[in-house]
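Peer 1: Sharing a structure, written as structure tokens. Questions coming.
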Amino acid sequence: MNEKMLNETARGMVAPGRGLLAADESTGTIKKRFDKIGVDNTEPNRRAYRDMLFTTPGFEKHTSGVILFEETLFQSSLTGQPFPRLLASKGVIPGIKVDQGAKPLAGGGADETVTEGLDGLRERLKKYGEAGARFAKWRAVITIGDGTPTDYCIDVNAHALARYAALCQEAGIVPIVEPEVLMDADNTVEVCEAVTDRTLEVVFDALYRQRVLLEGMVLKPNMVVSGAQCPTQADVAEVAARTVKVLKRRVPSAVPGIAFLSGGQSDELATAHLDAMNKLGGLPWNLTFSYGRALQAAALKAWSGSNVDAGKAAHLHRARMNGLASLGQWDQSLEKAA
Ligand code: 13P
């Protein structure tokens with residue numbers, strides 16, 4: 001294992017002032033996004049949309065890397081350059097989602113899933129590395145509900161995450177380890193904190209037992225928030241304090257950085273939460289973003305299939321706001337000014 005290279009790539013992914021653009025929606029997921037703006041989910045449209053994002057002038061200042069879907073890794077930009085090469089030419093690290101989705105967990109609790117995609121992963125990683133991918137992503141889903149999550153669900157997902165991470169590192173690819181505790185139920189923030197704490201404990205135990213190099217990975221967790229259906233919502237300061245408390249307890253300082261998912265938070269709230277955590281200071285790892293919806297929602301709407309310049313402007317604004325939040329230098333007045 002090339003420990004030095006893995007560490008350098010991981011540190012580059014969480015470099016101060018920059019974060020990750022998660023543009024790895026599967027063909028089914030991007031259809032849901034396109035349906036909302038009345039765009040057909042065709043291969044040329046997916047390519048044009050991703051081209052708009054990746055050719056946004058100046059986005060590379062705030063964007064360390066992009067997570068691609070497999071189709072995009074092997075596509076070319078509208079000017080004919082393969083997307084991974086286009087990104088690399090701007091100093092943006094190309095990455096790839098390698099899991100094959102969360103599937104119902106046999107014998108699990110209601111709505112519980114386990115993420116699939118380990119069979120043949122070694123061979124796929126080789127192919128992705130040759131195409132230019134330097135990091136990968138695997139998302140495990142933990143659902144809060146009546147009697148869930150079960151320990152069984154957390155255990156099998158942690159085991160799969162660690163197996164994936166070990167295979168990535170063997171291939172010289174930095175694994176993003178993403179255990180997502182969903183935020184759309186009616187649970188309180190205390191329940192989210194307890195479940196996130198337990199999940200991270202089990203995940204890091206599995207990573208340790210499967211000999212994953214902590215210096216050569218990036219953690220992509222949820223923030224500790226109130227469930228979207230919960231009548232009382234924790235404010236920004238409480239979310240920041242609870243999230244940092246759990247991370248400090250469960251994430252070894254050997255991990256170079258933590259890049260959050262947005263998980264359904266509004267654009268501005270996702271930025272405000274990240275900023276508040278970085279303003280707390282004294283953190284042993286870099287804290288940044290790896291947002292999908294919270295980076296793309298405005299750009300997608302502005303683009304709506306043809307308004308390329310408007311899409312780029314909206315993308316650049318969100319990337320810049322989150323870049324500032326990763327330094328604890330964001331302020332709400334910057335949103336209004338824009
Ligand atoms: P969201 O930020 O929309 O949650 O997506 C991030 C991601 O990559 C989930 O795997």
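Any read-out appearing in this document is the output of simple, stated calculations on the displayed coordinates, not a laboratory observation. Because the structure is a prediction, the values reported are computed rather than measured. Here the Cβ is made from the backbone with ideal geometry for all residues, glycine too, and neighbour counts use every protein chain on show.
Peer 1: If you check Leu324, Leu334, Leu269, which single one turns out to be surrounded by fewer than 21 Cβ atoms within 10 Å (Cβ to Cβ), within 17 Å of Gly17 (Cβ to Cβ) and within 21 Å of the chain's Cα centre (by Cα)?
Peer 2: Leu324
Peer 1: Which helices (runs of 4 or more DSSP H) sit wholly inside the range 1-117 and have at least 1 residues that are buried (at least 16 other Cβ atoms within 10 Å of the Cβ) and within 16 Å of the ligand (Cβ to nearest atom)?
Peer 2: Values: elements: 3-13, 27-36, 43-54, 70-73, 83-89.
It comes to 3-13, 27-36, 43-54, 70-73.
Peer 1: Those residues that are crowded, with 21+ Cβ neighbours inside 10 Å and charged (D, E, K, R), I need them from the range 212-241; list them, please.
Peer 2: Lys220
Peer 1: Quick check on the range 154-186: of everything there that is within 15 Å of the ligand (Cβ to nearest atom) and acidic (Asp, Glu), which residue is farthest from the chain's Cα centre (by Cα)?
Peer 2: Asp184
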